Amino acid sequence: MASHEYSPRQALALLLRKVRERDPDLAIGLEAVIDAGKDVFLPTAKERRKYRKTVQFTDEQALDIALQALRAHFVEQPRLATSAMSEFGKAVPETEGNRRDEESFSQSPSEYEPHAIRVEFELQTETQVAPKGDEAVDQTVPLSPPEKEFLDEQQANVDRLTALLRFEEGESWQQWRN
């Protein structure tokens with residue numbers, strides 16, 4: 001057992017408080033994932049059937065879940081954006097005015113030169129009623145890939161946090177997941 005001056009419960013409370021101070025929406029998501037608990041299957045008295053019951057995570061398990069969610073938010077999602085931008089850039093060959101001619105269709109996708117393209121997410125779907133007057137603003141959010149140095153820094157931060165919150169050596173999420 002790792003020696004810490006704090007308990008898993010204290011570490012979880014501090015982690016959630018710090019996240020809540022900086023990003024309330026992320027804290028709400030973390031708390032929802034932790035509060036969902038895990039399903040266990042318990043035998044009935046006759047032992048022929050089992051029933052499913054949702055139980056709370058232990059404090060160590062909740063910390064592990066929170067760390068996984070933070071890693072997904074700060075490391076994996078930005079890497080996904082980088083990968084998407086790279087793949088979108090390869091999908092359309094760069095031609096004069098991005099016009100597709102017969103020559104560009106004969107190239108295999110691996111021969112395309114990736115180029116910078118603009119990707120945006122619409123915040124309001126086309127099926128929603130558009131506001132009238134001054135409120136009729138095209139609401140989009142651009143997707144931009146983060147810098148490699150930023151991703152490396154985020155990965156190091158999450159790794160450091162993981163080391164601080166590891167209470168039992170060798171315990172991993174896969175061991176108690178099933």
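The values are calculated or read from the model by the stated rules, or taken from the named source; none is laboratory data. The structure presented is a predicted model; accordingly, all values stated were derived computationally and were not measured. Quick reminder, even Gly has a Cβ in these numbers, built from the backbone with ideal geometry, and neighbours come from all protein chains shown. The protein model used for the area step is the full one, side chains on, heavy atoms only, and it has no ligands, DNA or RNA in it. Shrake-Rupley method; radii C 1.70, N 1.55, O 1.52, S 1.80 Å.
Observations
- Cut-off under 5 Å, modelled amide H: who pairs with Gly37 long-range: Phe57
- Rounded to whole Hz, the Karplus (6.51, -1.76, 1.60) HN-Hα couplings of the stretch 83-88, x for glycine and proline: 5, 4, 4, 5, 5, 5
- Among Phe57, Phe167, Phe121, Phe74, the sequence by solvent-accessible area, most first, with a 1.4 Å probe is Phe121, Phe74, Phe57, Phe167.
- Where labels lie 7 Å past Cα in the beta-carbon direction, separation of Ala13 and Lys90 in nm: 5.0
- Area of Ile65 that stays accessible when all protein chains are in place (1.4 Å probe, Å², to 10): 20
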